[in-house]
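First comes the structure, then the notes that go with it.
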Amino acid sequence: MTTFHRAALTRRRALHLTAAAATLPAASALTGCGGSDDGGGSAATGDLSLVYLGDATQQKSFNALFDEFNKAHPEIRIKARGIAAKDWATFANTVSTQIAGGKVPDVVQVATEGQRLFASKGLLEPLDSYIEKDKKTVDAYFADVDPKLRRWTQKYGSTGDGRTYYIPGGYNTVVMYLNTEVFAKAGVDLPSGEWTWDDFRRAGVRIKERTGAFLLPVGYGFPFVDILPWLLTNGTSTLNSAWDKGTFASAEAVEAAGFVKSLVDDGLSPKPGGTFDAGAQLAKDKLAALGGGRWPTLDVRRLDMVDKVRIVSWPVKAGQGTPVGWDGWPILKASKKKQAAWTFLKWLMSKDASRFYASIGGTTVPARNSVAQSASFTDDAPKGTPELAEAIGYATPIPSPNQGAQMQAAVTQGWQAAITGTKPVREALEAANSKLGGLL
């Protein structure tokens with residue numbers, strides 16, 4: 001698995017992906033909250049426990065974030081623990097089991113993929129009364145956030161009871177990172193605006209002929225980066241907008257899979273199934289492009305390639321499109337430190353927290369537009385970085401029903417069968433779509 005795709009998987013699993021956090025580490029074992037039951041109203045003091053989906057590789061950014069919070073609120077200390085679950089369903093079940101056994105976290109970091117599932121389990125405290133009490137603070141935050149992020153959180157992170165369970169945080173859209181030196185060596189102009197699948201393919205043919213470099217790795221089957229951008233730029237997705245019907249076998253989806261298959265068949269993309277180190281190949285000018293959200297910027301910096309890389313929107317067929325996933329921050333219903341937990345969520349909404357996370361290398365786009373447009377986000381980043389925030393204007397939430405883990409597995413298997421030729425494209429997607437129908 002490539003450096004960049006490994007980061008991508010971490011981002012979706014651990015999230016962050018990510019209100020003011022994204023990639024976090026495992027810390028000490030989760031303990032009881034300690035202190036008296038504040039009933040959601042007494043002074044916010046003492047230890048605050050936080051749990052997230054992730055492993056020890058994510059500790060650094062979270063620790064830095066918590067240290068910064070503690071400077072602003074020395075009366076509250078955060079103790080975090082990561083659960084290295086294979087998917088959000090396993091994570092939610094693990095947290096439920098721990099709560100039943102008396103291990104009660106106060107706050108959970110939940111990516112889009114787990115928000116509806118968590119809310120459906122009845123584990124979360126409605127935030128409406130907290131929001132009303134601190135209406136000025138919350139209104140100031142949402143005045144600086146794309147209104148769709150709030151609307152999507154209400155629609156997809158709720159059980160339909162009209163209550164608010166999450167404060168949305170940082171997000172990721174998907175763009176392309178182009179190696180400008182590979183394009184220059186091949187005599188191919190960089191796109192100056194919207195470009196098409198045909199433009200992209202023509203560029204790949206010339207790049208392959210003149211430099212021998214691959215165009216784009218496509219065979220990992222990671223839906224957020226490898227599948228959904230192609231579907232959405234052709235006017236379709238894996239599910240409908242209500243997330244209750246599969247659309248993976250639509251004519252548009254079949255066309256998208258067929259196009260990606262042609263990139264592999266014609267040698268413009270490396271064959272799926274092997275190991276392809278995208279970071280190393282990019283650095284050696286043997287790769288022209290890769291897809292991702294904010295997280296590849298950290299690898300681009302590590303490879304000292306910031307000035308060699310340009311971020312552009314995904315090439316289109318029917319129109320612009322990208323998936324979007326975001327962090328949700330809830331308070332656990334069983335928490336005995338609800339007021340301290342709300343203090344932390346309020347701090348995450350602040351400009352200071354957003355700027356700090358962006359400046360230390362956060363792997364998401366800041367929810368606050370003012371921060372996403374500021375130097376703390378755009379400095380030491382590839383030219384075109386603002387496209388990540390602009391893309392939310394035409395983004396579609398990554399489909400995340402309660403059966404999301406099984407759904408993504410079916411989508412991945414069907415897509416890989418289609419682009420590798422294991423099955424005819426239409427047959428592969430129809431079989432996968434049938435599985436989706438059974439799950440939904």
_Quick check: the distance between the Cα centres of region 157-211 and region 82-132, to the nearest angstrom?_
32
*asked:* With Kirkwood's inverse mean 1/r over C-alpha pairs for Rh, give me the Rg to Rh ratio of region 344-393, two decimals please.
replied: 0.96
*asked:* With bins 10 Å wide starting at 0, give me the P(r) of region 288-427 over every alpha carbon pair, in whole percents.
replied: 9, 28, 32, 22, 8, 1
_Average projected area [Cα convex hull, region 106-214], square nanometres_ = 10.5
*Express the C-alpha Rg of region 382-440 as a ratio against the empirical globular expectation 2.2 N^0.38 Å, rounded to two decimals.*
1.49
*Rounded to 5, percent antiparallel among DSSP beta bridges of the chain*: 55
*Is the shape of region 235-371 rounded, prolate or oblate, going by the alpha carbon gyration tensor and its root eigenvalues a ≥ b ≥ c, with a/c under 1.5 for rounded and a/b larger than b/c for prolate?*
oblate
*At what distance in angstrom do the alpha carbon centres of region 256-270 and region 135-149 lie from each other?*
42
_Among Met176, Leu287, Phe66 the positive-end extreme of the charge dipole of the chain (Cβ point charges)_ = Phe66
_Nitroxide proxy distance, nm - points 7 Å out along Cα→Cβ at Ser370 and Lys284_ = 4.7
*Where does the chain land at 222 nm, in deg cm²/dmol rounded to the nearest 500, when only DSSP H runs of n ≥ 4 count, each adding -39500 (n - 2.57), divided by all residues?*
-12500 deg cm²/dmol
_Calculated FRET efficiency for the pair Asp266/Thr422, C-beta based, R₀ 25 Å, to 0.05_ = 0.90
*asked:* Need one word for region 205-304: rounded, prolate or oblate. Basis is the Cα gyration tensor (sqrt eigenvalues a ≥ b ≥ c); a/c below 1.5 gives rounded, then a/b vs b/c decides.
replied: oblate
*Could you tally the net charge around Arg368, taking each other residue with its Cβ under 9 Å from the Cβ of Arg368, Lys/Arg +1 and Asp/Glu -1?*
+1
*Based on a Kirkwood Rh over C-alpha pairs, give the Stokes-Einstein translational diffusion coefficient of region 62-144 at 25 °C and viscosity 0.890 mPa s in µm²/s.*
162
*Using the Karplus curve 6.51 cos²θ - 1.76 cosθ + 1.60 with θ = phi - 60°, work out ³J(HN,Hα) for each residue of region 422-435 in order, rounded to whole Hz, and write x for Gly and Pro.*
4, 9, x, 3, 4, 4, 5, 6, 5, 5, 5, 5, 5, 4
*Thr159 versus Gln320, label points 7 Å from Cα toward the beta carbon: distance in nm?*
3.8
*May I ask you to compute the full-extension gain from Ala140 to Arg206, defined as 0.36 nm times their residue separation minus their alpha-carbon distance, rounded to one decimal in nm?*
18.8 nm
*Put +1 on the Cβ of every Lys and Arg and -1 on every Asp and Glu Cβ in region 339-386; which of Gln373, Met349, Gly362 then has its Cα farthest towards the positive end of the dipole?*
Met349
*Distance from the Cα centre of region 378-440 to that of region 311-344, in angstrom?*
18
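Any read-out appearing in this document is the output of simple, stated calculations on the displayed coordinates, not a laboratory observation. Quick caveat: nothing in here was measured; it's all calculated off a predicted structure. Methodologically, a virtual Cβ is constructed for each residue, glycine included, from the backbone with ideal geometry; neighbour enumeration extends over all protein chains shown.
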